[in-house]
Structures are given as structure tokens and as C-alpha cells.
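Read the structure below first, then the notes.
What follows draws every value from the coordinates through simple rules; no lab data is involved. Fair warning: this is a prediction, and the values are worked out from it, not measured in the lab. In this analysis, Cβ positions are derived from the backbone assuming ideal geometry, glycine residues included, and neighbour counts consider all displayed protein chains.
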Amino acid sequence: MTAHAQDGFGTRLIHVGSEPDPVTGAVIPPMSLSTTFKQDAPGVYKGFDYSRSDNPNRRALETLLASIESGGARALTFASGSAATASLLQSLGPGAHVLSIDDVYGGTNRYMRRVAAEVQGLAVDFVDLANASDSEITSAIRPDTKLIWVESPTNPTLRLVDLPRLVSLAQSTEAKPLILVDNTFLSPFYASPLKMGADIVLHSMTKYINGHSDVVMGALVFPSTSRTDAIYERAKFIQNAFGAVPSAHDAWLLQRGAKTLHLRMAAHGTSALALAAALEASPHVERVAYPGLASSPYHERARAVIAASEGGSKLLRSQAFTKGVPFGGVVSFWLRGGERQTRRFLSHLRLFALAESLGGVESLAEAPAVMTHASVPPEQRARLGISDGMIRLSVGVEDVEDLQRDVLSALEFAVAEDAEESSGESSLVGSESASEVGDVETAVTSVESLTISEEKKSA
């Protein structure tokens, strides 16, 4: 049993892998920038020989990740989430078949179709694992299916997979494929896929785990099971042989960012729920995708996921929420209209920066059809509902009332009939000097109406 096995989620974030330096007593571990390490004798060294193979900062970070991903026992970090994706798929060997959820991150879709398929003969089928029937799923699993690739919630439509059901179906087939869950959107705070039966968890740690939009990195986390021993060892070998590893500096920065994950995720989720509820009430919005909303068709699944998590379940015990439950910081919605209204909306935002990615402390907005998912074939985008009117928001940790005011003002501007055809029509570039349009103050739903603290309930 490790020294922090009995500690809570937030405590482990702060202390695991960050023990005071035994030589100097520094409470923050030093950054080890050396590329090579002195050996006591040929082949006799103190745990490190060359920084591509291992590094003190990378090892500390991997120790932390294995600790905070419930059910995890070993972790591997990579130079990016895409490098983690590529390394894992390479670990399957030539000629493997992968069953992937259809609404998958555009970069993952591109790598499977245009790189792995050509380089290693990977065969991939895309299926709606969130809504397909039992027979549709089991019939899609072939004898050579080695892996089922899951994003839950999906990017960007935020569909939610019933993971225990999928695990049961996969195990009922002859192939018994491994199941990987990309847990980037929820982080270990809101979801624990390994506890729900998954075999591997992937993170783009560029997003929530780092949380400050200043590090690009990815990770794979594995449980300690004989079922995953072989692929873990293969992925570890490829990590070293391929060399797509993070620098010591990035590992140090990411571990620093991760220390506040529990605080940030609670704020992201609480604000996202409030904003999703405000969007749902707007006449200018066709529909909202946020599994935490009580009205979402995936709401009960969202509650089951949170119940199995450490951070999310604790958040629900500490507060009562009237419109649903916090479920990460990403909200997608479909604006009434089309490309013109989308461009006008994005041009008028003041606090939400027009940018790809997500998970930072600052709020971001994007149009998936022409940004993150532009590489997905048009017919597949249409089938998934990734239309010109779709907008994805990454809700930051600013004051929620300010974020609501910003979004509701932009909505009014986007649909205004008498708005001048001016800046914003030709470019998806945000304006820092956007003016208020309409009386949006009264439409702002305060966070106090959506959350009732335990203190208030007892008053």
C-alpha cells in the first residue's frame, strides 16, 4: 500500500509524486533538465540513464496519474495526446481491427483513417456506441477486433456511452477486445472508467489535467491486470523507441497545474451547468448538449458516471443542484440559423476566445464544422449533427454571471435582424470591444439560483 492510498483525491493531487526533496528539503521537487545520468559502473545506475527512456520529473508525473485515475496502477506520458493515441494503436500490431465510436475527436479519426490504416493496415469501423443496440454492437465486433475506442462524452456532440453495458457486450464475444476510454473531457475528477470496466484510459493532458493552456501532453493509464500486461509493455517499449516523450520542463509544469484539478473541475462543472441551463432557456438556441442537464437524454448515465467517481460524487454530496448536475466544462449547442448566425455570435463574444482546444481556466468557443472537426468527411459530419450552426464552448473559471452575460449578448447580436453587416461577417475572429445588444441583464441566470450550498440549506 502506498503512503497516500488512504488520502482523498485532492490530497493525492497535491502530494503524490511531489514529496519534499530529500537532499535540500525543497517542498517543490526540482526540475531535472539533465539528458544523461552518471553510472556507478557500466550498466549500474540510480534508476535513470538517459532522459528519453526515463526522467525524474516524468516518473513523478506518471506516478501521480496512476494514483488519481481510480483503478490505475501504471501510467505512460507522451509529447501529446495524439502521440499517446498513435503509440497505443501501434501497440496493436499490424492488421488489427478497431471498433471506434463514430463521434470521435477529429484528430483521432484522421489518424485511424489516414495514417494507421495506411502504415499498419489498421481496419476501423465507426459505430454509434452510445445508441446502438446490443446486436448492432456485437455484430460489429470481429474475430480480429483488438480494441474498442470510446470517447464518453463524445466530442463535440457530448453523447454518453453506457460503459458497463459495453464492457459486458465486448466480453460476450469471442474476440473479447480491450476497451479504451478517452477521459479527456471529464478528467479523473468526474469519471473513473477503469472502475467501470475499461482496460485503458487515455488523456490529452493539454486540457483539464494541466488546465492552463501552456503544455501539450498526453497519457495512457493502465490497471494492474494480466489482461493489460502485454499492451502496457508494448506501449512502454514504443514510448522509448519512438521517443515521443514530454520534456522534463513540461512534466514539471503539468504536475504543478494538476495540483488544482479538483478545485478547477468543480468550478468548470458548476458554471457549465448554469450556462447550459441559460442557453436551454434562450429562444435563439435550437438545442443544447450537456449530459448534466436534467433534460438531457443522457442524464441518468451522467449521474451513474459521477456516482462512480471520487471528485464528482463528493461535489454532489456538498451541494444541491436544481437544473441537473455538473458534468465537466464543455457545452455544445445549436444556434437557430446557420453559418451567418454562427459567425456573428463568435464575432461578438468578449470573454470567450475563439480558439480550438478546451480545459483551460479561460473560456473558449469554436465552430467544430470548420475548426476541430474540419478533417472529418462532410457526410460523416452531417450524420453526426456537426452542422454550421453548432458551437462548442469550453467554460472556464471566470465569474459565471459574466460568462452568461457574454453569451446571451452574443446570441442577441447573432439573430438581430437590423444588425449591420459589418465586422464578424467575413471572419470568425472575436471582438474585444463588442457592445451589449438587448437587455440581457435580466436573462442572466445567477449561479445562486442553480446551486444551493449546504450552508444555505441548513439556514
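Numbers for the structure displayed
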item	result
Coordinate range along principal axes, alpha carbons of the stretch 1-90, Å, largest first	41, 41, 22
4 °C / 1.567 mPa s Stokes-Einstein diffusion coefficient of the chain, Kirkwood radius on C-alpha pairs, µm²/s	56
Relative contact order of the stretch 289-351, pairs being alpha-carbon contacts under 8 Å that are 6 or more residues apart, as %	35
Whether the stretch 237-369 is rounded, prolate or oblate, judged on the alpha carbon gyration tensor where a/c under 1.5 counts as rounded	oblate
The stretch 9-258: relative contact order in percent, alpha carbon pairs under 8 Å with at least 6 residues between	25
Antiparallel DSSP beta bridges within the stretch 9-258, percent to nearest 5	40
Listed peptides 19-31, 232-244 by packing density, highest first (mean Cβ within 10 Å)	232-244, 19-31
For T270, T77, order by how many other beta-carbon atoms lie within 10 Å, fewest first	T270, T77
Partner lysines for K38 [C-alpha distance under 19 Å; skip if fewer than 8 residues away on the same chain]	K46
Ranking of Y111, Y105, Y45 by count of other Cβ atoms within 10 Å, fewest first	Y45, Y111, Y105
The stretch 163-314 - convex hull of alpha carbons, volume per residue in Å³	150
10 Å binning of all Cα-Cα separations within the stretch 9-258, expressed as whole percents from 0 upward	7, 31, 35, 18, 7, 1, 0
R0 of 25 Å, Cβ-Cβ distance D125-A355: FRET efficiency to nearest 0.05	0.20
Size-normalised alpha-carbon gyration radius of the stretch 47-125, reference 2.2 N^0.38 Å	1.31
27 Å Cα-Cα reach of K207 towards lysines, excluding residues that sit fewer than 8 places from it in its own chain	K195, K236, K259, K314, K323
Computed [θ] at 222 nm, helices only, for the chain once each DSSP H run of length n ≥ 4 contributes -39500 (n - 2.57)	-10000 deg cm²/dmol
Efficiency of FRET from Cβ geometry, V44 and A307, R₀ 45 Å, rounded to 0.05	0.35
Long-range amide H partners of G324 with built H, under 5 Å	A294
Rounded to the nearest 20 debye, dipole of the chain from Cβ charges on Lys, Arg, Asp, Glu	1560
Amide proton proximity set for Q319, modelled H, under 5 Å, gap of 5+	none
Rounded to 5, the percent of DSSP beta bridges in the chain classed as antiparallel	60
